[in-house]
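To keep things clear, I will list the structure first and then write my remarks on it.
The values are calculated or read from the model by the stated rules, or taken from the named source; none is laboratory data. Everything quoted here is computed from the prediction, not taken from an experiment. Please note: Cβ atoms are built from the backbone with ideal geometry, for glycine as well, and neighbour counts cover all protein chains shown.
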Amino acid sequence: MQPTRSFPSRRGILRGAAALTAVPYALLPDAQAAAGPQAVDYPGAAWHPASRANYTPSNRPRAHPLHYVVIHVAQTTYSGTLSVFRNRRTKVSAHYVVRSSDGKVAQCVRESDIAWHAGNWDYNTRSIGIEHEGWVDRPRYFTDAMYERSARLTAAICARYDIPRNRAHIIGHHEVPGSDHTDPGRHWDWKRYLRLVNSY
Ligand SMILES: [Zn+2]
């Protein structure tokens, strides 16, 4: 992902979140997406819904079988990424965002829906997208906690949809045909990541 605008301050985001809790749940635009007995697909993920304007509702895997997990680096912070996905003008989203400091996982789009992350409609329809807080040229953001919790998430996705745990199916954004993005970049340790994914 490459954000194209500046974002509200952390303070502004928190104020916005506090205001939201005062609104009756059923009146929220994303209430339908958030409703139901299971708001997240991955236990332990925090639900931070993307704007309804930033993804395509679907009923995967019935409508489209899932073949790929696409790994991204966000080129911004965790909260900045959530803010980009919440903004209906950005036209971008991913299913999950992983925080650098502790590997905390946010879910922004249901796995049954098609997130707009790969820059390729065919790959969007057949993949789950995972964003990671950080920048491709700042490897210090790629912490042990982030690798481990992201790999655990990818392992769960592969198990759920029978996706082989190899580099042909767990791919970088730069490997999506037609992509002009470089993420996750040369500092992303694929050997380590795949070893972790296969250990869970
Ligand atoms: Zn990307």
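Quick notes on this structure:
- Among residues of region 75-133, those that are assigned to a loop (DSSP other than H, G, I, E, B) and of a type in the set (Ser, Thr, Tyr), counted: 6
- Some residue of region 45-58 being in a helix (DSSP H, G or I), at pLDDT 50 or above and among the charged types (D, E, K, R): yes
- Scanning region 134-153 for residues that are in contact with a Ser or Thr (Cβ under 8 Å, 6 or more places away or on another chain), in a helix (DSSP H, G or I) and over 30 Å from Pro65 (Cβ atoms) yields Tyr141, Ala145.
- Test: residue in region 80-93 that is within 16 Å of the ligand (Cβ to nearest atom), farther than 27 Å from Tyr141 by Cβ and over 10 Å from the mean Cα position of the chain (by Cα): no
- Selection status of Ile114, closer than 19 Å to Val40 by Cβ, surrounded by 21 or more Cβ atoms within 10 Å (Cβ to Cβ) and either among the small types (Gly, Ala, Ser) or over 11 Å from the mean Cα position of the chain (by Cα) (or both): yes
- Residues of region 59-79 that are more than 16 Å from the ligand (Cβ to nearest atom), of a type in the set (A, V, I, L, M, F, W, C) and modelled with pLDDT of 95 or more: Leu66 alone.
- Against the numbered list (1) of a type outside the set (Gly, Ala, Ser); (2) surrounded by fewer than 23 Cβ atoms within 10 Å (Cβ to Cβ); (3) touching a residue at least 60 places away in the same chain (Cβ under 8 Å); (4) more than 12 Å from the ligand (Cβ to nearest atom), Cys108 comes up short only at (2).
- Residues (touching a Cys at 6+ places or on another chain (Cβ under 8 Å), more than 16 Å from the ligand (Cβ to nearest atom) and either in contact (Cβ under 8 Å) with a residue 40 or more places away in the chain or of a type in the set (A, V, I, L, M) (or both)) located in region 153-178: His169
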